[in-house]
1. Does Val186 satisfy being at pLDDT below 95, away from the ligand (no atom under 16 Å from the Cβ), touching a helix residue (DSSP H, G or I) at 6+ places or on another chain (Cβ under 8 Å) and more than 14 Å from Ala31 (Cβ to Cβ)?
2. Of the residues Thr302, Thr289, which is of a type in the set (S, T, N, Q), farther than 20 Å from Ser217 by Cβ and crowded, with 24+ Cβ neighbours inside 10 Å?
3. If Asn238 satisfies all but one of (1) within 16 Å of the chain's Cα centre (by Cα); (2) without any contact (Cβ under 8 Å) to a residue 24 or more places away in the chain; (3) more than 14 Å from the ligand (Cβ to nearest atom), what's the number of the condition it fails?
4. Can you report the number of residues in the stretch 370-417 which are surrounded by 16 or more Cβ atoms within 10 Å (Cβ to Cβ), touching a Lys or Arg at 6+ places or on another chain (Cβ under 8 Å) and over 20 Å from Ala313 (Cα atoms)?
5. Residues in the stretch 64-87 that are within 16 Å of the ligand (Cβ to nearest atom) and surrounded by fewer than 18 Cβ atoms within 10 Å (Cβ to Cβ): how many?
6. Among the candidates Val199, Val193, single out the residue that is touching a Leu at 6+ places or on another chain (Cβ under 8 Å) and away from the ligand (no atom under 16 Å from the Cβ).
7. Which residues, counting only those in the stretch 135-175, are within 12 Å of the ligand (Cβ to nearest atom) and surrounded by fewer than 19 Cβ atoms within 10 Å (Cβ to Cβ)?
8. Restricted to the stretch 104-126, and to residues that are β-branched (Val, Ile, Thr) and open to solvent by 10 Å² or more (accessible area, probe 1.4 Å), which residue is farthest from Tyr79 (Cα to Cα)?
Amino acid sequence: MNKKSVFVFAVALCTFLCSATNILALNNGLARTPPMGFNTWNYFNCQGGGGHGRVNEALIKAIADAFVSQGLTAVGYQYVNIDDCWAEASRNTYGGMVASHTDFPNGMKTVADYCHTKGVKLGIYSDVAAQTCAKTMPGMSGHENQDADTFVAWGVDYIKVDWCQGTGGQSLSSYVKVRNALTQAVTAMKPTVPTAHPVVFSLCNWGQDNAWTWADSVGNLWRTTGDITNQWGSMLGNMDQNQSHYAYSRIGSWNDPDMMEVGIGNFTNAAMSRSHFSLWCMMAAPLVTGTDVRSPNLDATTKSILTNADAIAVDQDTPGGDNTMGIIQGRKVVTGNSEVWVKLLKGKTKSEYAMLFFNRANTAAASMSVTTTQIASVGGDIATGKVYGVRDLWAHTNLANWTAGGTYTTPSAVPVNDVFMIRLTLPTDVLPPLASVKVSDLRVQPEGEQVIVQ
Ligand code: GLA
């Protein structure tokens, strides 16, 4: 090939690839930070099978109420997601999905409308095949457009699409059908249907066909693992798998290690529960809780874990604007029985860092350390001599400053299966602990339009 034909070929290839990317782009503008919410599956299961009551209109409305009354909305939880088993076993005579007459007698739009009046969003569930995983209701196969139209018309905000009975090797094409159907439904209905708006698309094919390598062009989040259970080993397994794909998460597109079990099973143990939540935050994972958040079922410890604003800020941080691939998900920099994790925060310059010291498998409390070089391996501008404030993200207190260059060592030993989680902050961001400021010390001084509190 001469130079000219190489150039022509290159232009043609670029045109093809650019248009292919265009066809393959999701671009719904949603999930700019990892989605936060609740899902019915882990605790309530299918049609009362969890032993905690049925998933029905009353439950979903009560969860939406609890989002507000328990302070979950205030710290960022948005989505109340209904999982499997919400529909009648058969479609109607027009081929449309019908919500269970027993559980949702007023239809799903009523539930969506109720959630919206509470400032909460509604999520729903389906499957790429003819039936969902529980095999009690239809999936989307052959009805992708009709179902997408239905869900969008109901005003649904989020959809999780499962992979049971999916055809091996065809994950991409199966999910692209759903993505295109959702995009078309929103585009067609937006001008006339007031409730129609883009929908967060959650792929649930358990990481098959290396979902992390292609799913960012299809959905907003994708499962990287099989189903989590409420056992410690299951949480660790999902965490290990998910962390190995850290290079693929970015704004709008997230690795999903599955819904949280905080407050359920092994995770009624405070240390284990704290560890589970901290690890999900370090991985910029979607924070979708499975626990029953209604009062009085949500106990004080679980509530304080799920609403830890300092830890949530780590999960939701988006360093470096849109150019986040490979840096937004934190990762292990020390492995073994004592793990140390680091997550870059704020940006590639003026960087801050979240650090998690995790006593994963020691039989006794353990002191842990991390070097400046290990911290620097996640990126950012840490350098010898820089002074950082240190905030304890579980005690919610500021500790002694630390100067980068050497090693950071935990101030005390980390208990078994527990974590010590800190944030290295830039000096300008280090505020005195609120409790040390007396109201009588405050002076409000108006200055033009601004009000300065001294
Ligand atoms: C699959 C999914 C779970 C849940 C169930 C419902 O196993 O991975 O998260 O949705 O189906 O049947």
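1. Spelling it out, it is not the case that Val186 is at pLDDT below 95, away from the ligand (no atom under 16 Å from the Cβ), touching a helix residue (DSSP H, G or I) at 6+ places or on another chain (Cβ under 8 Å) and more than 14 Å from Ala31 (Cβ to Cβ).
2. Matching residue, one of Thr302, Thr289: Thr289.
3. Here Asn238 meets the rest and fails (3).
4. Within the stretch 370-417, residues that are surrounded by 16 or more Cβ atoms within 10 Å (Cβ to Cβ), touching a Lys or Arg at 6+ places or on another chain (Cβ under 8 Å) and over 20 Å from Ala313 (Cα atoms) number 2.
5. Matching residues across the stretch 64-87 total 0.
6. Val199
7. Lys135, Thr136, Cys164, Gln165
8. Across the stretch 104-126, the extreme among qualifying residues is Thr110.
The values are calculated or read from the model by the stated rules, or taken from the named source; none is laboratory data. None of these values were measured; they are calculated from a predicted model. Glycine gets a Cβ as well: all are built from the backbone with ideal geometry, and neighbour counts include every protein chain shown. Remember, those area values only see protein heavy atoms, side chains included, never the ligands or the DNA or RNA. Shrake-Rupley method; radii C 1.70, N 1.55, O 1.52, S 1.80 Å.
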